[in-house]
Each structure stands twice: as structure tokens, then as C-alpha cells.
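The values are calculated or read from the model by the stated rules, or taken from the named source; none is laboratory data. Being a predicted model, the structure only gives us computed values, none of them experimental. With ideal geometry, Cβ positions are generated from the backbone for all residues, glycine too; neighbour counts draw on all protein chains shown. These area figures cover heavy atoms from the full protein model, side chains too; ligands, DNA and RNA do not enter into them. Shrake-Rupley method; radii C 1.70, N 1.55, O 1.52, S 1.80 Å.
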Amino acid sequence: MPSTPAKIQEALEARDALASALTRAGIQLPAMDIRTPWGDDRKEEARYGLVHLGVCSAPVALMLADVIRKGADA
């Protein structure tokens, strides 16, 4: 099994941490994924990975805004 480049591993860990925090707040973003700024066929190691949050319904977006607002006010 090939090793995961460090920057992609960092993005995976960030995605998992965010998903865990959202789950604790009762929110799920089912389309969360990791993306790189180029296609998977490149041979060089990724310079960074992006946490792609995907799309969500309006009610989920409002729940997310409420959780962020409460955290900012704390």
C-alpha cells in the first residue's frame, strides 16, 4: 500500500477533526472530502491538500452558523 503524502495526511486529519466536532454539535456534512489542486495522476507529492466541505441544505447551513456563532460568543 503506498504511503500518504504528508500534506494529504494533514488534510485528512483536519477533515476528520472537523467531522468529529460537527458530529458533537449534531451536524453532518456527508460530502466532506479531500482534494488536491491537481488531478490524482501527478507523480510529485502534493504541496497541500484541501478539505472540501461539499454542499448542504439550508437547515444544515443555519445549524452550522448557529454553532459557529455560539462558539464565537463563548
**Request:** Measure off 7 Å from each Cα along the Cα-to-Cβ vector at Ala61 and Gln28, then give the distance between these two points in nanometres to one decimal.
**Result:** 2.1 nm
**Prompt:** Highest GNM mean-square fluctuation, the chain, Cα pairs closer than 10 Å: which of Arg47, Arg15, Arg35?
**Reply:** Arg47
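For the chain, what is the calculated [θ] at 222 nm in deg cm²/dmol (nearest 500), taking -39500 (n - 2.57) for each run of four or more DSSP H residues and dividing by its residue count?
On the way: 2 runs with 35 residues, N = 74.
Here the helix-only value at 222 nm equals -16000 deg cm²/dmol.
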**Complete:** Within the under-11-Å Cβ sphere about Arg15, not counting Arg15, Lys/Arg +1 and Asp/Glu -1 give a net charge of -3
**Asked** So how tilted is helix 58-73 from the main axis of the chain? Cα-based, degrees 0 to 90, rounded to 10.
**Response** 80 degrees
**Prompt:** Taking only protein heavy atoms and a 1.4 Å probe, what accessible area per residue, in Å², does the chain have with all protein chains in place?
**Reply:** 76 Å²
**Item:** the chain: relative contact order as a whole-number percent, Cα under 8 Å and 6+ apart
**Value:** 34 percent
